[in-house]
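First comes the structure, then the notes that go with it.
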Amino acid sequence: MIVVSPQLPVFLADLKAKLKLDFDILHDAGNGVAESFGVAMPLPDELIEVYKKIGVDLVKFNGDDLWRLPVPSRFVLDKEGIVRSVDADPDYTTRPEPETTLDALRRLSP
């Protein structure tokens with residue numbers, strides 16, 4: 001399993017400790033990985049202003065001034081790197097059930 005986030009490593013370390021995660025979260029500088037998978041989303045000006053008003057400083061957390069976020073996504077790739085399953089929804093409150101991802105992984109097993 002690989003987890004990526006545009007947040008800087010210092011903030012990812014804090015998140016990992018806070019949530020007591022036992023896996024690494026890799027820094028996706030400039031949302032390059034998200035861009036390559038087609039899930040990097042530039043924020044509209046209105047949303048940027050909302051984020052600023054509520055104290056969400058993406059420039060600080062991501063280390064760039066791009067104001068982009070990845071669409072919450074899960075990709076299952078096979079050993080050859082071929083994408084076999086995708087769950088993505090721009091509504092960050094909608095997340096796939098873990099069982100959906102596990103089913104996709106099981107289909108890869110011989």
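Each reported figure results from applying straightforward, stated rules to the coordinates on display, with no laboratory input. Note that the structure is a prediction, hence the values are computed from the model and not measured. Neighbour counts are summed over all protein chains in view; Cβ atoms, including those assigned to glycine, are modelled from backbone coordinates with ideal geometry.
In order along region 72-77, phi translates into HN-Hα couplings of x, 9, 10, 10, 10, 10 Hz, rounded to whole numbers, per the Karplus curve 6.51 cos²θ - 1.76 cosθ + 1.60 with θ = phi - 60° and x for Gly and Pro. Counting other Cβ atoms within 10 Å, keep those with at most 14, restrict to DSSP loop, and tell me which trypsin sites (Lys or Arg not before Pro) in region 1-38 are left. In loop regions of region 1-38 (DSSP not H, G, I, E or B), the sparsely surrounded trypsin sites (Lys or Arg not before Pro) are Lys20.
Counting only DSSP beta bridges with both residues in the chain, the antiparallel share comes to about 75 percent. The residue list Ala40, Leu105, Ala88 was ranked by how far each Cα lies along the charge dipole of region 3-108 toward its positive end, using unit charges on Cβ atoms, and Leu105 comes out on top. Label-to-label distance, Asp14 versus Ser109, with points set 7 angstrom from Cα along the beta-carbon direction: 3.9 nm. Can you list the residues of region 7-49 with backbone N under 17 Å from a point 7 Å past the Cα of Asp64, pointing along Cα to Cβ? The answer is 7-12, 26-44, whose backbone nitrogens lie closer than 17 Å to the label point.
Using a cutoff of 8 angstrom between alpha carbon atoms and counting only pairs six or more residues apart, the relative contact order for the chain works out to 20 percent. Stretched out straight at 0.36 nm per residue, the stretch from Ala88 to Glu46 would grow longer than its current Cα-Cα span by 12.8 nm. What is the distance in Å between the Cα centroid of region 4-24 and that of region 48-102? Taking the Cα centre of region 48-102 as reference, the centre of region 4-24 is 14 Å away. Near Leu77, the amide H atoms lying under 5 Å from its own belong to Arg84; only residues 5 or more places off or on other chains count, and H is placed 1.01 Å from N. Which angle between 0 and 90 degrees, to the nearest 10, do you get for helix 9-19 versus the longest principal axis of the chain when only C-alpha atoms count? Helix 9-19 sits at roughly 70 degrees to that axis.
Ellipticity at 222 nm from helices only: DSSP H runs of n ≥ 4 in the chain, each -39500 (n - 2.57), divided by the residue count, give -10000 deg cm²/dmol.
Per Stokes-Einstein, at 10 °C and 1.306 mPa s, what whole-number D in µm² s⁻¹ belongs to region 3-108, with the Kirkwood radius over Cα pairs as the hydrodynamic radius? Walk me through the numbers before you get to the answer.
Working: Rh = 15.2 Å.
Approximately 104 µm²/s, per Stokes-Einstein.
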